[in-house]
Amino acid sequence: MKSRWSKLSISNRLIFSLVSLVAIISGIFALSIYVSVHVVENTLITREMNLYLRTSLAKERPLIDNVSGVDYGQSELEVYTSANVPPSLGQFPYGLSELERSDRDYYVYKKQRSAEVYYLVMDQGNFEDVESLFYYIIYALYLGCVLLSWMIARWLSASIIRPISKLDKAVSEKMRGQDSSIVLHEGNANDEVGRLARSFDSLITQYDESLAREQLFNADVSHELKTPLMVIATSVEMLEEVGGLSAYQEAKLRTIRDACAEVDDLSSTFLLLLKHNYDDGTEPIETDLETVIDQLDYKWRPLVETKELKFSLENHCSITQKVPEGTTMIVLNNLLKNALNYTLQGEVRIDFYNDYWVVSDSGVGISEIDQGQLYHAFRQANNSGRSEGFGLGLSIARRVCDLYGWRLDYQSNTLGGTSFTVSLSEGNFPGNDSA
């Protein structure tokens, strides 16, 4: 699960980091000022009271011992001895303390001289007023620093992120093909963002060249296959017209004819895969599912029986569906081949429904490691112990489904194995909903 921090944009992270840093530093500074003022205040008051007591005793001057006290600078000072000290003062420890009385604050200084204990009480009202004003100023300055840091952080974040956002927008437009003439590094300084833009330009150029080579290769191969396939198909037709063939020979000719048709459909599909989508403006013809089932049964049952597996083809829907027959065979053949490769015992089956097909098996299943790369080309499962094929079957099936707007999903079965579901209802060729 992603943390909240990782969900924030880079801009918000920069703002939050800078404001937090300023808030922490300013808070520490304000707290240190508060502590320093408090310590200095206590030290000075203690020194002044101790000086007054020492001076009065040295001159043998009588100490003030009434409530009215004496005017000591701007504060009134009261002095008590152990003989007349009020009960509220007797419990204070030696040294400087604070007392709240009648909604006013006082300093209480307790000091022992010879055998006598003296209590000096000073009204700190004036000190408190000045101190409170000082603390309000510190608090206001702290909030001002945080607010100023937020404003500066927004400005810095916008300045830093602007070229990155510009690059992101340009890359998105270029990858979507909205403007292939965009040169990403133009207008960027020779800094980290500029160098990143140049790297993107180089990478996209290599990608375009690689894609162009792949398209040319697929087009050339698919085109060149047409001629030998036509020769083979014509030869098969001529042999069938001659007649007098045994049942075994006719079965072999049928196998050759079906293989030619399959390769021809596969070649046509590869040509279609060169497009980004399929839309030729024509209404798809209806495909007889019974014909599809017969072809699949004829092709795969002998192989399934050699592996001593159970093979089931069940039709739970109408006889026809508006899907291309050749494309249907390509998708199902690849899914069946994948199921047989990874099933050592049990069953392989296909269930046809109105708007989806399900190819399921009782094989080894798909490990969590392989699930993330399931539809990647040239990838094979690591838990099968097998190396048949090139790892292209599921990749081709997925690309064909994407081309026609179908959806290919998989799930692990409760009793083992895997089920692949081809959903047609979301695509350009919806299933026939009539029963």
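The values are calculated or read from the model by the stated rules, or taken from the named source; none is laboratory data. Since the model is a prediction, treat every value here as computed from it, not as a measurement. Using ideal geometry, Cβ is built from the backbone for each residue, glycine included, and neighbour counts are taken over all protein chains shown.
Of note:
- Residue within region 334-343 that is farther than 19 Å from E262 by Cβ and touching a strand residue (DSSP E or B) at 6+ places or on another chain (Cβ under 6 Å) present: yes
- Single residue of region 108-165 satisfying the filter (β-branched (V, I, T) and part of a helix (DSSP H, G or I)) that is nearest to L44 (Cα to Cα): V130
- Total residues in region 351-368, condition in a loop (DSSP other than H, G, I, E, B) and over 17 Å from S312 (Cβ atoms): 6
Listed here are the residues, each with its yes/no results for (1) farther than 30 Å from D168 by Cα; (2) in contact (Cβ under 8 Å) with a residue 12 or more places away in the chain; (3) surrounded by 16 or more Cβ atoms within 10 Å (Cβ to Cβ); (4) not assigned by TED's automatic domain parsing to the domain that holds G405.
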position	(1), (2), (3), (4)
L203	no, no, no, yes
Q206	no, no, no, yes
S246	yes, no, no, yes
Q249	yes, no, no, yes
I256	yes, yes, no, yes
S267	yes, yes, yes, yes
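- Residues located in region 319-334, provided they are part of a loop (DSSP other than H, G, I, E, B) and touching a residue at least 60 places away in the same chain (Cβ under 8 Å): K322, V323, P324
- Residues (assigned to a strand (DSSP E or B) and buried (at least 17 other Cβ atoms within 10 Å of the Cβ)) located in region 335-348: V348
- Taking each residue of region 153-175 that is outside the structural domain of V19 (by TED's automatic domain parsing) and looking for partners that are loosely packed, with under 13 Cβ neighbours inside 10 Å with beta-carbon atoms closer than 7 Å, six or more apart or interchain, yields I161/I10; E173/D179; K174/S180.
- Residue within region 215-227 that is modelled with pLDDT of 80 or more and either assigned to a helix (DSSP H, G or I) or within 23 Å of S267 (Cα to Cα) (or both) present: no
- Residue count for region 1-16 under the criterion of being surrounded by 12 or more Cβ atoms within 10 Å (Cβ to Cβ) and among the hydroxyl-bearing types (S, T, Y): the result is 1.
- Residue in region 404-422 that is assigned to a strand (DSSP E or B), at pLDDT 75 or above, among the small types (G, A, S) and surrounded by fewer than 18 Cβ atoms within 10 Å (Cβ to Cβ) present: yes
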